[in-house]
Every structure is written in structure tokens, then in C-alpha cells.
1. Assuming A:R48 fulfils every condition listed in (1) touching a Ser or Thr at 6+ places or on another chain (Cβ under 6 Å); (2) under 30 Å from A:P242 (Cα atoms) apart from one, which condition is it?
2. Give the residues of the range A:166-185 that are surrounded by 21 or more Cβ atoms within 10 Å (Cβ to Cβ) and out of contact with any helix residue (DSSP H, G or I) (no Cβ under 8 Å at 6 or more places or on another chain), sorted by residue number.
3. Pairs under 9 Å by beta carbon, first residue at the interface with chain B (Cβ under 10 Å from one of its Cβ atoms) in the range A:85-99, partner in a strand (DSSP E or B) and surrounded by fewer than 15 Cβ atoms within 10 Å (Cβ to Cβ), six or more apart or different chains?
4. Applying the selection to the range B:49-73, what residues are surrounded by 14 or more Cβ atoms within 10 Å (Cβ to Cβ) and polar (S, T, N, Q)?
5. Quick one: A:S130 ticks every box in (1) more than 25 Å from A:M66 (Cβ to Cβ); (2) within 14 Å of chain B (Cβ to nearest Cβ); (3) in contact with a Leu (Cβ under 9 Å, 6 or more places away or on another chain) bar one, so which box is it?
6. Just checking, which of A:I42, A:I73, A:I55 is within 14 Å of chain B (Cβ to nearest Cβ) and either over 17 Å from A:D250 (Cβ atoms) or in contact with an Asp or Glu (Cβ under 9 Å, 6 or more places away or on another chain) (or both)?
7. Can you find even one residue in the range B:120-134 that is more than 19 Å from the chain's Cα centre (by Cα) and in the same structural domain as B:S192 (by TED's automatic domain parsing)?
8. Give just the number: which of (1) in contact (Cβ under 8 Å) with a residue 60 or more places away in the chain; (2) touching an Asp or Glu at 6+ places or on another chain (Cβ under 9 Å); (3) closer than 19 Å to B:T144 by Cα; (4) not polar (S, T, N, Q) does A:I102 not satisfy?
Amino acid sequence: MMGELTDTYASTVGDADPFADPIIRLRDISVQFRHQAVLQQIDLDIHRGETLAIIGESGCGKTVLMKTMVGLIRPEQGSVLFDGQDLSKLSQTELTRIRRRIGFVFQNAALFDSMTIFDNVAFPIWQHESADDREIRERVMERLAEVGLPSEVATKYPAELSGGMRKRVGLARALVLQPELIVYDEPTTGLDPIMSDVINELILATRRNHPVTSVVVTHDMRTARKVANRVVMLFPRRRLQPGQSQVLYDGPPSDLDHASDRRVRQFVRGEAGERIDEMTRDFAARAAVSSPANPRGGTGAMEGESNDG
Amino acid sequence: MAGVTFRDELPAASDRTGRLSHWVTDWGGVVIDAVSTVGDITIFVYRMFIWMFTRPPARGTMLRNCYQVGVLSLPVVALTGTFIGMVLAVQSYRQFQMIGLENRLGAVINSSLVRELGPVLAATMLAGRVGGAIAAVLGTMRVTEQIEALTTMGADPIHYLVVPRFLACVLLIPALTVMADFMGIVGGYFYSVVVLGIDHAAYLQNSADHVTGFDLFSGLIKSFFFGGIIAVVSCYRGFHCEPGAEGVGQAATAAFVMSFVLILGVDLILNILLDAFYYNIWSPEQAP
């Protein structure tokens, strides 16, 4: 189902070459945590050069999908092909070689607290290359300048920077090895609107200046509309009927408002819709399950409500 | 009447079956969790040893961890050792005085310190100071995705974070144990000779007669194991930290409690083994 959508949409993707081999190909991916299915039978191709935004409400599994793409989470079922290589069949050394080609920007930057900003950005170079100190210094300063940070921040520690600056350092670190794929996990979450726009512009500038494919996980519709040329919307597995696809939408951002699925339109507009009724029903069911008449309540259907994202 | 009895008994039997079923389920869950944790720790330790022998940690990382574990722990270990030596003197003096053996106090204080109290107390202090800190730091790194960030950049978290901490603990806890022993001996001597007025020469002679090289050896052997326990338990707890500030706090507490219990359990086993070693191999002529 997803493959068909992707193929149909592929011809409309902006600067990506739809006929090129996809850089990432997910086939029949299922992931579960503690018997709670988070992703089920997901098929998705990501083409070189495109910027894909994965959207969806909290807990729908978009971050899990992204981490599965880069081999941080091993799926229970299905395969992840990066440039034609199945990640589950690679040795640790081969996987490390693949990771050199992927830049990862974490939600809260995930900078190493004990290192200076310079050391944080230089870390991937130390891990993968044997460049001399002068070259490392030049490359680190170049990347910091590219994300709009002055050279003085190089000697500071992450705790001394604002949230926006930390995110930019995270981007500089992801760019330092000039990866082919950059994945952004909630790049604008927790930032003010101006700083969010700065980050969006940086994502666009990165795409302009480097031949990269980008995957952006977000629930910020401004970001999705501004940076992406393709949007995929996921829906929480536990709220779907058996047989329904978890991917509700796969297409250009311009068509989101006119999507045929009502749930997509509601999400894009930020309307709760029947979600409030669903939550009330869930709450009542949870109360019944954990009532004194059922002393073992609370260990069944409602578990994993919030930990599957 | 029979019908009434039947209806009354049916729910009770069903209730009993239900309770039994829940009890079996609960205990089954506990056993599965325990077995799975032991399996996890075994794989964790196996991976750590593989990395340790295939690619030693970088010098800078190693030195930073040695400084944290060794240098910063010195004052607290020295202070603890001193007080323990003095407390042993206070506790033992009256009993020995009553039987006229107060000059033998040195033998009791020093052999207790070198064989048992020095290694166990140094390890306990370090489980609190170093183990708690390791679990909290690694737990925070887990919660803030820094450990995942290492993986995405091609660095193995066990090689980069666990191996240097393990080596620092195993190599430096014996040295700290020697420091605890030494300061305990000094503290015990000071209180016995200077405060209680025990004869200086008799105190030293008795100490020299009763504290043997094997006592020091057994204390140091134990401290290697204690260092390994503190490092493995604390790193494992940090790596498996639950999200949030509470998760980090729980990881640090669990690291200390689990290390402490294991230190005492392993201490018992090592004492039995070392005792057997002493009487069968080291000094068989002294075997009872």
C-alpha cells in the first residue's frame, strides 16, 4: 500500500530523482516494545535529494521509525536497506562505516556535556578520520560558521549555550563529515518562533549547499510545510482498526489541506475532533479495569499509552 | 440446600484459582525478569571484555576516569580509614584491658583492617561515591540521548564509556584500599598509643607478629573483585536508566545498593576460598 503511494508520488517530488535507487528502503517494518506494537508493516522509500517530513501526533511512532531507518532500533520484522545494503545483515564494522554517511540531529541536540563545543563537533572526525589538528580546526570552525555560530562558542560547554545554539551545534556536528543523509528529530521543538524559523532556514540552506537527503521528524506543521517536499503522516497503531495502514498520507505538503483522510486534515489544522471523546472513553475503560472489583487492573489494554513514540 | 451450598462454593473455588493464577503469573514475571537481567549483564560484561582486549581506550579518556575514580576519592577513603582505625581501638580496648591483653591491641586492629575492614570499607565508600556518580552520569547520558549520539557517530558506547571506567575501578580501588589500610593503621596507632597510653614498642611488635603478607595479599585480591563489581553494576544501571530525573536517581541508588550487597556476598565467598588457599597451599603447616 505504502509502496504504491510512494511510486505514485515519486514523480512529483521536487529536486529528488524519482527514478534513482532510493537511499533508504523500508520493507514490511514492524517494531514493538514490551508486546506493544508501535510500527506495523511499514513500507517506505526515501529518494536521494528529497526532504521528507514525517509527521503525526505524539506517540505515533515517528521517532521510532526514524531510529529504525538508521539502525538504532532493530525491527522485529522487515528489512531496512541503506543504499541497497540490509542493515540487519551488516557486521558492526560495516554498520559503523554506514553511519559515517548519516548525520543525526537529536531533539535536544544530545551534545556531550563533558566536552567543549569544539570537541563535540570534532568528535565524528576523531572517530572516523586521521586528520591533523589544523585541518580539524578549520573544518570545525567552518561548520560552526555555516550554522551561524561565532568562533568564541568553540571553547564553551553545552550548558553555557541557549537551546537554539545547542541545536545549531548539533547540526554542525551532524554536517562535519558531509553525510549523504541527515535525519532531524523534532528540530524546532522547544524553540521560540524566530529560532524555529532560523532552524528551518538552516535545514533549507543545508539542502542547498550540500547534496543531502533529509528526513525531518516533526509535529510542527510550519516546519513540515517549509522544509519538506514530501510529507508522510503516521497514525498511532493502537488506534487503528485491524488491516488499516499506519501511513495516512504520503504526498506533497501543498496537498495536506485537501487530503482525503479526515484525520490528516484534522491534524494539519490542529483540531482535536473526536479525539476528546476517544480519550474520555479510554479514561472510563481504564477506571473500570482498575476498579476494586478488578484488583489487577491497569495491566492490560491501556498499557503503553505514552511510551510508544 | 445442596443447591445453595453449590452456588456458595463455586465462586470461592473460582476465586482461589484466580488468585493462584495471579500468584504464578507474578512470580513467573519476577523469575523471567531476573533471568533476563542476568543474561543482559553477562552480554554486557562479555562485550566489555571483548573491547578491552581488542582496542584499549584512548589515553585521555583513561586519565580522566582515573582522576575521577582515584584522585578525587583519596580524601574520603583516607578519612574513613583513619576513623575506622580509631573506632576499632576504642571498641576493643576495654575488653582487652579486662583480661590484661591491651598490649595486643595492635594485632587485632591491624589484622582486622588489612584483611577485612580496609577492603570492604574502601569498596563501600567507593560504591557510594564512584558507583553512584557513574550510574548518574551514564543515566543522564542515556536520558538525554548522548549514548545514542555516540552510536550514530560510530563510537561504541561500551568501548567509549564502560571500558575506561571498569579499568579505572579495577586498577585504582586496590591502591585506595592500601591507602585505607595505611590510614587505619595510623589512626589505630594514634588512639592506642597516644590517647590510651599503650606501650609503643609492644603495640608495634604485636602488629608485626600477627599481620602477615597473606593478610595484605587477600585484602588486595578482594579489592580487585570489588572494583570490578562497582564498575559493572554502576555502568549497567546507568545504561538501563529509566527516563526522567527520577529514573536517574533510581539508577544511582540501585547501583549503590546492588554493589554493596554484591560486595558483601562476594566478600564471604572470597574469604572462604582464600582461607582454603591459605591452609592448603600458602601455609599448609598451619592447617588445623
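The values are calculated or read from the model by the stated rules, or taken from the named source; none is laboratory data. Values in this document were obtained by computation on a predicted structure and should not be read as measured data. All Cβ positions, glycine included, derive from the backbone under ideal geometry; neighbour counts span all protein chains shown.
1. It fails just one condition, (2).
2. A:G170, A:A174, A:L181
3. A:I98/A:Q85
4. Matches in the range B:49-73: B:T61, B:N65, B:Q68, B:S73.
5. (3)
6. Details: A:I42 fails: within 14 Å of chain B (Cβ to nearest Cβ); A:I55 fails: within 14 Å of chain B (Cβ to nearest Cβ).
The match here is A:I73.
7. Initially, the range B:120-134 is screened for residues more than 19 Å from the chain's Cα centre (by Cα), giving none.
Looking through the range B:120-134, none of the residues is more than 19 Å from the chain's Cα centre (by Cα) and in the same structural domain as B:S192 (by TED's automatic domain parsing).
8. (3)
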